[in-house]
Amino acid sequence: MSDSAGREDVRNTLDAIYKNESRRVLATLIRLLGDFELAEEALHEAVMAAMEQWPRDGIPANPRAWLISAGRFKAIDQVRRRARNAGSLDEVERQFRQEPFDPAQWDEQHLEDDRLRLIFTCCHPALPSEARTALTLREVCGLTTEEIARAILTSAATVAKRIVRAKTKIREARIPYIVPRPDELPSRLDSVLQVIYLIFTEGYAASSGISLTRADLSAEAIRLGRLLLELLPEPEVPGLLALMLLQEARRSARVSAQGDLILLDHQDRSLWNRDQIEEGIKLVERALTSRRFGPYALQAAIAAVHAEAPTAKATDWKQICGLYDVLLRVDPSPVIELNRAIAIAMRDGPAAGLEIVERILSRGDLRNYYLAHASRADLHRRLGHRGEATVSYQRALTLVRQEPARHFLERRLKELRG
Amino acid sequence: MKYLCLVFYDEKKRNGLSDQESQALIDESLDFDEALRREGYLIAAGPLQPVETATTVRVRGGNVSVTDGPFAETNEQIAGFVLIETQDLNEAIRVASRIPPVRLGGVEVRPMQDRVHSKEGNSH
């Protein structure tokens with residue numbers, strides 16, 4: 001085999017390995033080296049070394065182990081060199097002695113633990129919320145700073161700053177690189193699920209095609225959900241994954257060719273992704289069977305009821321209201337109260353729903369939530385109260401931030417006047 | 001690693017406790033300090049007297065100014081502190097969440113800095 005062909009083969013293999021394995025290699029290197037930056041440099045060095053040596057020596061039997069080993073050696077070498085110059089060699093030696101690495105002793109379970117360690121660390125509640133999102137997208141999903149910036153509609157400098165601050169906090173406040181203890185797992189898992197769902201809704205909301213070259217955040221979130229499901233059999237995990245799949249299934253039907261928002265009851269259901277719906281429904285059943293299900297599983301169940309209705313008219317609103325009753329008990333938030341009110345309006349008529357919405361707003365809740373006012377407007381509209389509907393649509397317009405939603409509200413307002 | 005746990009609460013809440021509840025909280029706090037000592041976490045701890053006993057000292061250009069009151073007027077005031085030594089932040093959080101008066105307000109957990117005097121030069 002000629003040298004260039006060999007190099008080509010190696011490069012392709014390395015590309016494939018990098019795509020599939022680099023995040024896992026990184027997760028393990030972070031544990032072994034005790035530092036995010038060091039681990040990233042080590043990964044880079046290891047890949048460079050592989051480019052050089054594999055064409056010569058052949059592709060190793062366990063490429064991942066090779067990369068980890070090589071990365072670790074290079075990093076330790078580099079740190080020793082720096083430490084020798086700074087005179088702090090002893091401390092470095094002490095640090096690395098704590099984490100031996102013998103590829104022969106390696107096992108898959110250990111590796112999976114490292115990926116969990118990485119996810120839980122990136123989503124640690126002691127990190128600011130936006131930093132958790134950026135760090136997770138960077139370290140767990142492997143997105144570049146630019147890709148993240150484009151996806152969440154902010155500048156690369158802002159993203160970079162968030163990531164640096166997060167890594168600094170991890171280092172300076174000594175956030176440990178571990179999987180939380182069983183008694184802490186439920187609340188820590190909450191934080192992870194929150195980050196994943198935030199990433200998903202960023203992608204979901206930004207579906208107006210503003211940036212055609214951005215990374216598909218919703219796909220990343222679903223990928224993260226699948227990874228978590230593989231690693232951790234807790235009931236809210238299939239619940240969240242189901243919710244994301246069932247919402248994602250409707251993506252093609254949500255926005256018209258002109259970029260207008262199409263509500264659920266007007267969507268062309270033939271555009272819904274049946275595979276995702278099927279998978280989502282199976283996961284909902286799995287989550288609900290476990291008895292320890294929570295808000296994500298319940299929201300997914302509601303989405304499943306919608307998904308199973310062949311037409312909007314055929315929607316089983318009674319079941320949806322029942323699910324909202326349970327959801328509200330489990331998660332008594334005003335937003336859920338609002339969504340339940342909308343469902344009650346569908347089951348019992350707009351007046352019944354309006355009563356609840358008015359109660360929420362007069363309490364002072366959701367005053368700055370555009371959907372609360374949009375819902376109030378819609379219910380008044382259905383009851384023929386043009387004046388009240390107009391007031392609420394106008395209020396909603398002062399609060400709405402996404403273009404498709406804004407157009408929708410403006411259209412409704414126009415219809416009222418016309 | 002050393003962490004300083006600064007306990008904050010609204011003094012009105014503390015004052016709203018009955019004599020019985022107040023003594024119970026004191027007993028609980030003292031027992032807690034003892035437990036931390038046994039567990040090897042405690043370096044120092046103690047409650048502060050109410051914020052009305054506070055005095056703030058400032059120095060500007062060599063001039064010392066003394067004023068009555070806390071450094072900053074806040075809705076919740078510093079009520080006490082616990083200085084601990086733990087392995088990592090997770091452990092510090094676990095300890096901090098056990099501090100009895102925290103349930104009246106909250107606690108800030110911040111790592112202490114290491115400092116090296118210029119006279120010490122290169123360590124080791």
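Of note:
- Whenever a residue of the range A:5-31 is loosely packed, with under 14 Cβ neighbours inside 10 Å, it has no partner that is modelled with pLDDT of 80 or more lying with C-beta atoms less than 7 angstrom away and at least six residues away or across chains.
- The residues in the range B:85-106 that are within 13 Å of chain A (Cβ to nearest Cβ) and in a strand (DSSP E or B) can be counted, and the count is 1.
- Test: residue in the range A:124-135 that is part of a helix (DSSP H, G or I), free of Cβ contacts under 8 Å to residues at least 12 places away in the same chain, among the small types (Gly, Ala, Ser) and surrounded by fewer than 15 Cβ atoms within 10 Å (Cβ to Cβ): no
- Odd one out for B:Ile26 among (1) within 14 Å of another protein chain (Cβ to nearest Cβ); (2) farther than 30 Å from A:Ile178 by Cβ: (1)
- Where helices (runs of 4 or more DSSP H) fall wholly inside the range A:209-308, the ranges with 3 or more residues that are small (Gly, Ala, Ser) are A:217-231, A:295-308.
- From A:Ala389, A:Ala372, A:Ala377, residue being hydrophobic (A, V, I, L, M, F, W, C) and closer than 21 Å to A:Asp325 by Cα: A:Ala372
- Residues that are part of a strand (DSSP E or B) and of a type in the set (Gly, Ala, Ser) were ranked within the range B:23-66; the one that is surrounded by the most Cβ atoms within 10 Å (Cβ to Cβ) is B:Ala45.
- Pairs, first under 22 Å from A:Phe36 (Cβ atoms) and at the interface with chain B (Cβ under 10 Å from one of its Cβ atoms) in the range A:75-90, second modelled with pLDDT under 75 and surrounded by 11 or more Cβ atoms within 10 Å (Cβ to Cβ), C-beta under 6 Å, six or more apart: A:Ala83/A:Leu89; A:Ala83/A:Val92
- Test: residue in the range B:108-123 that is over 28 Å from B:Asn15 (Cα atoms) and in a strand (DSSP E or B): yes
- Residue match in the range A:337-347 (condition: in a helix (DSSP H, G or I) and within 21 Å of A:Leu241 (Cα to Cα)): yes
- Near pairs, Cβ below 8 angstrom, 6+ apart or cross-chain, from the range A:392-415 (without any contact (Cβ under 8 Å) to a residue 40 or more places away in the chain) to any residue that is among the polar types (S, T, N, Q) and not in a helix (DSSP H, G or I): A:Leu399/A:Asn368
- Of all the numbered requirements in (1) of a type outside the set (Phe, Trp, Tyr); (2) over 25 Å from A:Ile277 (Cβ atoms); (3) surrounded by 19 or more Cβ atoms within 10 Å (Cβ to Cβ), A:Ala405 misses one, and that requirement is (2).
- Enumeration of residues in the range A:143-197 that are modelled with pLDDT under 90, within 14 Å of chain B (Cβ to nearest Cβ) and part of a helix (DSSP H, G or I): A:Leu185, A:Ser187
- Condition check for A:Ile59: surrounded by 13 or more Cβ atoms within 10 Å (Cβ to Cβ), outside the structural domain of A:Leu137 (by TED's automatic domain parsing) and under 30 Å from A:Lys169 (Cα atoms): no
The values are calculated or read from the model by the stated rules, or taken from the named source; none is laboratory data. This is a predicted model, so every value here is computed, not measured. Note that each Cβ is placed from the backbone with ideal geometry, even for glycine, and that neighbours are counted across all protein chains shown.
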